[in-house]
1. Need one value for C:125-134: mean number of C-beta atoms belonging to other chains within 10 Å of its residues' C-beta atoms.
2. Just to be sure I understand the rule: take each whole DSSP H helix in chain B, project its Cα atoms onto its long axis, keep it if the span is 24 Å or more and its mean Kyte-Doolittle hydropathy is at least 0.0. Which ones pass?
3. Measuring from a point 7 Å out along Cα→Cβ, what nm distances, shortest first, does A:Ala20 have to its partners in the other copies?
4. In terms of the Cα gyration tensor, with a ≥ b ≥ c the square roots of its eigenvalues, is region C:71-198 rounded because a/c is under 1.5, prolate because a/b exceeds b/c, or oblate?
5. So for region C:56-145, considering every pair of alpha-carbon atoms, how many percent are separated by more than 22 Å?
6. Most exposed first by the Cβ proxy, i.e. fewest other Cβ within 10 Å, how do E:Arg63, D:Arg136 rank?
7. How much FRET efficiency would the formula 1/(1 + (r/R0)^6) give for A:Ser119 and A:Glu152, where r is the Cβ-Cβ distance and R0 is 22 Å, rounded to 0.05?
8. Relative contact order, percent, of region B:98-202 when contacts are C-alpha pairs under 8 Å separated by at least 6 residues?
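Rule-based calculations on the coordinates, nothing more; no lab input. Everything numeric in this text was worked out from a predicted model, so none of it was measured. Backbone-built Cβ (ideal geometry, glycine too); neighbour counts: all protein chains shown.
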6 protein chains.
Amino acid sequence: MKITLLNPNTSRAMTAKIAAAAREVAGPDVEIAAVCPLDGPAAIESHLDEAFAAVAVIELIRRDQLEGGSDAYVIACFGDPGLDAARELVDVPVIGIAEAAMHVAAISGRSFGIVTTLSRTLGRAQDLLHRYGFDRTCVAAYGSGIPVLDLEDVSGPAFDALAGWCERVVREDGADVVVLGCAGMADLCDRLADRVGVPVVDGVAAAVGLASGMARMRVGTSKRDEYAPPPRETVGV
Amino acid sequence: MKITLLNPNTSRAMTAKIAAAAREVAGPDVEIAAVCPLDGPAAIESHLDEAFAAVAVIELIRRDQLEGGSDAYVIACFGDPGLDAARELVDVPVIGIAEAAMHVAAISGRSFGIVTTLSRTLGRAQDLLHRYGFDRTCVAAYGSGIPVLDLEDVSGPAFDALAGWCERVVREDGADVVVLGCAGMADLCDRLADRVGVPVVDGVAAAVGLASGMARMRVGTSKRDEYAPPPRETVGV
Amino acid sequence: MKITLLNPNTSRAMTAKIAAAAREVAGPDVEIAAVCPLDGPAAIESHLDEAFAAVAVIELIRRDQLEGGSDAYVIACFGDPGLDAARELVDVPVIGIAEAAMHVAAISGRSFGIVTTLSRTLGRAQDLLHRYGFDRTCVAAYGSGIPVLDLEDVSGPAFDALAGWCERVVREDGADVVVLGCAGMADLCDRLADRVGVPVVDGVAAAVGLASGMARMRVGTSKRDEYAPPPRETVGV
Amino acid sequence: MKITLLNPNTSRAMTAKIAAAAREVAGPDVEIAAVCPLDGPAAIESHLDEAFAAVAVIELIRRDQLEGGSDAYVIACFGDPGLDAARELVDVPVIGIAEAAMHVAAISGRSFGIVTTLSRTLGRAQDLLHRYGFDRTCVAAYGSGIPVLDLEDVSGPAFDALAGWCERVVREDGADVVVLGCAGMADLCDRLADRVGVPVVDGVAAAVGLASGMARMRVGTSKRDEYAPPPRETVGV
Amino acid sequence: MKITLLNPNTSRAMTAKIAAAAREVAGPDVEIAAVCPLDGPAAIESHLDEAFAAVAVIELIRRDQLEGGSDAYVIACFGDPGLDAARELVDVPVIGIAEAAMHVAAISGRSFGIVTTLSRTLGRAQDLLHRYGFDRTCVAAYGSGIPVLDLEDVSGPAFDALAGWCERVVREDGADVVVLGCAGMADLCDRLADRVGVPVVDGVAAAVGLASGMARMRVGTSKRDEYAPPPRETVGV
Amino acid sequence: MKITLLNPNTSRAMTAKIAAAAREVAGPDVEIAAVCPLDGPAAIESHLDEAFAAVAVIELIRRDQLEGGSDAYVIACFGDPGLDAARELVDVPVIGIAEAAMHVAAISGRSFGIVTTLSRTLGRAQDLLHRYGFDRTCVAAYGSGIPVLDLEDVSGPAFDALAGWCERVVREDGADVVVLGCAGMADLCDRLADRVGVPVVDGVAAAVGLASGMARMRVGTSKRDEYAPPPRETVGV
């Protein structure tokens, strides 16, 4: 089984980190591929970035389809950009990492909190929480103020800052579980869980588990109406 | 005061129709401009189309800003593509026509129903209903099965079909008001209202009223955090 | 076009202030009238006041109808007293200023907060937030402790207190926009916006924009069932 | 213990019927009084009627207070007019019959349906369902088309029509319990329950049970903030 | 009329206290019985306890049915264990004390807060708040940290701690009413109300009022579908 | 990795069927065990059954813990009986099959419908839909009228009846995906999917995928507060 991770930003370092995080939790019969676009935003930190990220996801999935396709796709950006469009293009599972992290966190405890990068992205997180059904389950969401690209090398103080937010969401807001709000935090998950003492969920790992489970049970994307193949070949602007 | 309507599809006929509908309801001191992209989807009927429409909206608003800007912007497509990104780019009001139609309909009666083009777009409508706060107010939403581009010339049978859906949403679902789910229906509004006997709301007209009202009272887009200028100049893919 | 503002309390000073605020944002072709009852509560600060205010609104609208009527009505009290009954009496738009302020604030940002007079009125605000669909959009609502009639002359300390509440709702509760919870605050709107740095919405101005927009597009009150003319001429108690 | 029923319409026949229904379920130590205004609407079937009914309730409760007061008040009209204002005036329990019927129905089964008089009153019922927390519990609400005053003498066909609506709400909408949406239906409750085969709840009886229970346990109306005595003596318009 | 209180823990002291609290508010024609199981958890403070408590409730109600039955049952544990199963077994009213307390508190004010024993039980309280429709009405719920069995003798400091939580829920969270989250607090209700200055609701007393009211009006448990007699005689594990 | 399926009814045939369904979708490194109690209900079709099933789940999980434990547990009954209590007992993942099916269905499409056995179990399904966050995602839930034990051998007419309900939920209610509401339907999943043309989700398979994914990423049950080890060893009644 092959799962392809779509990183919509252009950072190859982050793409490699994502692939590594995915491989760590993949079953022995699961092959992980990870791709990113040549052009486009270096990080997804605004609605503007997100609009271009959605187009990048579409292009990446189309290219993969031309090259034989995959058994499942994971959109490796916490805003889940282009998820609905990607579901129109294939009939295998397509899962966003925000979506995956929220589902797994909701099974791990009664409530979760989100710690993400910039607070300006919390509006998008709120939209996704509602869309996936977790607006009641999520008890708090915070921006740490650490930009996406600074996550490539999380030194002591930055790690402490992140851990501080995780602790706050647990101690003050009563979250049972912490959801990490950026693919770039995938490698910090275990250290944060040790520090905070509750499960900490990285969406990349969560998505790999969900995607391989769905592929094994042959449940893909419903092609009824909304996600049926789109009526026209829209080329880029 | 100048209000610029952004039609994210490439149909010049529809752009002209939208401009005409807007001018009919604009106050005497309001100038209406209407623009559309050179390339991109001919109609917005899928999430795929919508992803490209969002980028088109961004490009149109950027171009207008370079040319002096406007006092308000209206995104003239019922999926309100690119609305959040557009709000990051300016501090004047930016209003989607789905948004505008829903607000006005909610003031005109206790409940409304939506009649749109293809049923595959109803998922997006549902997301918007929630985002704007009208999931309880909207009692039903139907796709008429009439594609966007067929609305350019609505002959008798097509009009009757649309009117039939409007009547259904009123008689069977108990809607007080009908919201038309496509900018291309702007010219049918009065005839449908006459036929159905309740207010029928076209989003283009509704958006012009809201935009000029907000511009007059100098309430634009809040630039606090989420809609502050984005951290980087994202160029197209 | 003539818009009539109905102030349900007996304060002529406040009626004049409301008219002035309305005229400042009205289009060049919009005539503003403002009326108040001879008897009844001097301010609307309790459910008891509100019950009598509803009857006052009904009497004012009936009198205006006898004298030729208006193109739209605005109920200029933040509790929107008598709104449903007024909608039964006419087929033009009838808009409450709480309703109008909430709609405009929801377009200006993702979230808003309310700063009103006495905290005892917050229950009514909560009912209205739900009725109009904005219970999720409103992130906080505070009573400033300043009674309605003290707003007639807002000296330095009182203004600072109001501004303090506005700042709290933005900085601590994360509101993108502030809604002023009393018609008597209409003249403070611009100064508060300057102080707080986000859009501040006065319901009187918001209602004038909405009412003239709806009148121009000929969308009034749906007369289907709930708001059809009432079955009997109820005279006062 | 004395419970006073406030019928806000002027029908003495209905007031007597309400008193009889209340006495049938009152405990041996409970005295029932029932009053109605001299002037005002003959029935409450519109928002207009309701506005005047709220004032009637206030006047009735004030008069009763002057005459020594009661241990609890019941507002015997399904729209619960004046409930909030009445709560400001006293510290004993004040219960609306819609409120009471909904609470009892929610304990009697997982879901209930409402059968009321005119469909134009369903909007008010919807507001109350939300206010009391039962919007999810109520699976359907229908207007029977039978005006309030026709309930004074429910002949065969009218009874059959009402029973038909009760059956519909149970068989088609899956309600476990039926709530009767008018004080004037109090005497039909048992016959309807026999016909439909599920519990049928009359709000007058429900309110008497709740009011006497609350009076016995000395839990009245919380006087914290919202329902504290109002700041001024508002006299009628 | 006979109301039987089912205490699912094995504490006879608490059973006696519950019976006393019930008798204090019962009407002159109401007989109160109170029973508890011989074996099982000594207190209900976990989901594990609750699972066994549900079976205890079933056994107690079955035994009472064999001995002639009662006119209504009250499940005297704030988690309302076994409520749905008990409703399958009888057609008279079955009321949980959490359910009863929440209903009465919602009539006594616009909002309530809960003060209970251990915070680990708050998840169950949250489920019940939703099930009964009061998730919006409840503004806060706190665990006092006082275990159930320590309530048998509430000395000064423990009472002060409880009172402190009640005050917090009123002053900081704005609750109009306090709900006590344990049958073992029944005897503290009046003292707490005196201290806090708002109504404090004990579920045992509330349930007795509701149960006798429903029994008098002959509204029991709807036997339609969900609560019809179960398809098999399930004997214990 | 070892996943233990807990079937709370006493049917060994169904236990074997569940194990087979689980093994079909388990990864190559996953060992599946399946257990059921010696005594207790033969099927779980009422709240009464469910109360005993919860105790059975607790006993099964305790016994497994004594014998070395598992890497994850699946409660193989659509009512997810005993889920909360089981989570108190272990720190590995515990997943109910209703929970699992709903999560996977929500990723496979925008909406799902449920087809289950007896309609009397739909109340429990409704509670679970809310608890897991899918009350909006689920567009309809039907009881087929086929008892659990009749599923052991689904002949032609019974299969057609089930398929008919699946088709209804898709065609009439607009579900993108069908969730099967009983572990006993696990072997019908593929045939139903072929017939209906949309993804059909069996909870046993879904739970195995989720459980192995969570075990691989080392995210178990949060032991913070609610699911911490219970304060006492409750033995059975």
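1. Average neighbour count from other chains, rounded to a whole number: 5.
2. B:47-66
3. Computed spacing set for this position: 4.6, 6.2, 6.7, 6.7, 8.5 nm.
4. prolate
5. Roughly 33 percent, once rounded to a whole number.
6. Exposure proxy ranking, most exposed first: E:Arg63, D:Arg136.
7. Result of the calculation: an efficiency of 0.60.
8. 35 percent
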